[in-house]
Amino acid sequence: MKNVEVFLVNAFTANETGGNPAGVVLHADNLSNEEKLKIAQAVGYSETAFVAEEDEADFALSFFTVTGEVDFCGHATLAAFSTMYREGVVTEGDYVQRTKAGLLAVTVGANGHVVMAQKLPECLGVFEYEAVSGLIGVEAASLASTQLPVEVISTGLPDMIVPVPQGYLDRLQVNERLLSDFCKDHGLVSLHAFELCEESGSVTASCRNFAPLFGIPEESATGSASGALACYLSRHLNGGRSGCFTFEQGRAMNCTSVITASVDYDGSDVARVRVGGFAKEIGKQIISL
């Protein structure tokens with residue numbers, strides 16, 4: 001019997017509260033994919049990250065939901081590097097992780113703040129408001145009133161970015177069966193809904209993320225979709241200019257998280273996408289295989 005230690009970590013915390021829980025397994029070199037899936041299922045979080053040695057990068061990270069492997073996970077990356085920082089595996093500085101989404105840079109600050117690079121954005125298509133309306137219980141005309149498109153963007157995972165009018169976000173009624181079928185038919189991971197924050201303050205937008213196809217009815221912080229949303233806003237609101245954003249997520253779950261994101265342009269092209277935040281360990285779990 002093999003015993004595996006799993007760190008339980010809340011990622012994208014706000015003043016050490018809230019956040020999105022992830023499992024983290026260090027020294028995972030000898031675990032098979034079947035064992036990783038069993039561990040992720042036993043932990044029961046939306047994602048668990050597995051850290052292994054890597055010849056061409058500092059680390060190799062793999063990510064498993066309770067249903068299978070995904071190419072990348074932002075909040076689990078944050079949880080993993082925060083754990084390695086606390087455990088003395090890494091110190092303040094710059095690192096490179098190999099993921100199925102590619103080689104991605106990660107910066108660890110002296111205060112434990114972790115900033116991770118994401119893949120440059122791929123714009124994978126646009127949906128009519130009528131196609132999305134029934135998935136979230138908002139009339140197409142209300143979605144259209146935002147004057148912003150429903151667009152699929154990937155900075156590692158294909159997320160459908162859906163703008164909703166201010167005041168609608170907390171009242172969404174997601175049809176999980178329809179959304180799962182929709183995501184399966186169109187090759188999507190999640191629906192990432194947002195409303196812009198018009199009042200003065202540091203928060204750019206409040207968000208909700210739904211990925212029922214992957215066993216995630218809703219999660220309280222989504223790093224990959226935050227990168228995609230930052231690219232979306234930099235193009236549609238900033239006119240294709242560099243910008244920094246702060247997103248709030250998880251409010252409807254009574255688990256508010258804070259995610260920072262930035263997009264840098266080189267001329268008319270996106271040159272860099274980064275997402276950052278803090279994480280806090282909340283416990284450990286021993287899984288017997």
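Annotations for the structure displayed:
- Selection count, the range 166-179, where residues are within 19 Å of Glu198 (Cα to Cα) and open to solvent by less than 20 Å² (accessible area, probe 1.4 Å): 1
- Residue match in the range 9-18 (condition: in a strand (DSSP E or B) and either touching a helix residue (DSSP H, G or I) at 6+ places or on another chain (Cβ under 7 Å) or free of Cβ contacts under 8 Å to residues at least 60 places away in the same chain (or both)): yes
- Each residue in the range 205-231 was checked for being out of contact with any Leu (no Cβ under 8 Å at 6 or more places or on another chain), of a type outside the set (Val, Ile, Thr) and surrounded by fewer than 23 Cβ atoms within 10 Å (Cβ to Cβ), and 4 of them qualify.
- Asn33 farther than 15 Å from Ser288 by Cα and modelled with pLDDT of 95 or more: yes
- Cβ-Cβ distances below 7 Å connect the following pairs, each with a first residue in the range 44-63 that is under 16 Å from Ala221 (Cα atoms), a second residue that is surrounded by fewer than 18 Cβ atoms within 10 Å (Cβ to Cβ) and among the acidic types (Asp, Glu), and a separation of six or more residues or different chains: Phe63/Glu69.
- The listed residues are Val258, Val263, Val273, and the only one of them that is without any contact (Cβ under 8 Å) to a residue 40 or more places away in the chain and crowded, with 20+ Cβ neighbours inside 10 Å turns out to be Val263.
- Test: residue in the range 137-153 that is closer than 30 Å to Arg86 by Cβ and open to solvent by 10 Å² or more (accessible area, probe 1.4 Å): no
- A count restricted to the range 36-52 and to residues that are at pLDDT 95 or above and either under 21 Å from Val96 (Cα atoms) or assigned to a strand (DSSP E or B) (or both) stands at 5.
- Residues in the range 70-90 that are touching a residue at least 60 places away in the same chain (Cβ under 8 Å) and not in a helix (DSSP H, G or I): Val70, Asp71, Phe72, Cys73, Glu87, Val89.
- Within the range 166-191, residues that are more than 17 Å from Leu229 (Cβ to Cβ) reach partners that are of a type in the set (D, E, K, R) with beta carbons closer than 8 Å, at six or more positions or on different chains, in the pairs Gly167/Glu195; Asp170/Arg251; Val174/Glu218.
- Residue pairs whose Cβ atoms lie under 7 Å apart, sitting 6 or more positions apart in sequence or on different chains, and linking a residue in the range 98-116 that is surrounded by fewer than 18 Cβ atoms within 10 Å (Cβ to Cβ) to a partner that is among the small types (Gly, Ala, Ser), are Leu103/Ala57; Ala105/Ala117; Gly112/Ser82; His113/Gly276.
- Lone unmet requirement of (1) open to solvent by less than 20 Å² (accessible area, probe 1.4 Å); (2) over 16 Å from the mean Cα position of the chain (by Cα); (3) within 24 Å of Lys2 (Cβ to Cβ) for Val90: (3)
- Among the residues of the range 101-111, just one is part of a loop (DSSP other than H, G, I, E, B) and within 15 Å of the chain's Cα centre (by Cα), namely Ala101.
For every residue, the table says whether it meets (1) assigned to a helix (DSSP H, G or I); (2) of a type in the set (Gly, Ala, Ser); (3) in contact with a Ser or Thr (Cβ under 7 Å, 6 or more places away or on another chain); (4) over 17 Å from Pro21 (Cβ atoms).
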| position | (1), (2), (3), (4) |
| --- | --- |
| Lys184 | yes, no, no, yes |
| Glu195 | no, no, yes, yes |
| Ser206 | no, yes, no, yes |
| Leu213 | yes, no, yes, yes |
| Ala221 | no, yes, yes, no |
| Ser224 | yes, yes, yes, no |
| Cys231 | yes, no, yes, yes |
| Asn238 | no, no, no, yes |
| Phe245 | no, no, yes, yes |
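The values are calculated or read from the model by the stated rules, or taken from the named source; none is laboratory data. Keep in mind the model is a prediction, meaning the values are calculated, not measured. In this analysis, Cβ positions are derived from the backbone assuming ideal geometry, glycine residues included, and neighbour counts consider all displayed protein chains. Please note that ligands, DNA and RNA were not included when accessible areas were found on the heavy atoms of the full protein model with its side chains. Shrake-Rupley method; radii C 1.70, N 1.55, O 1.52, S 1.80 Å.
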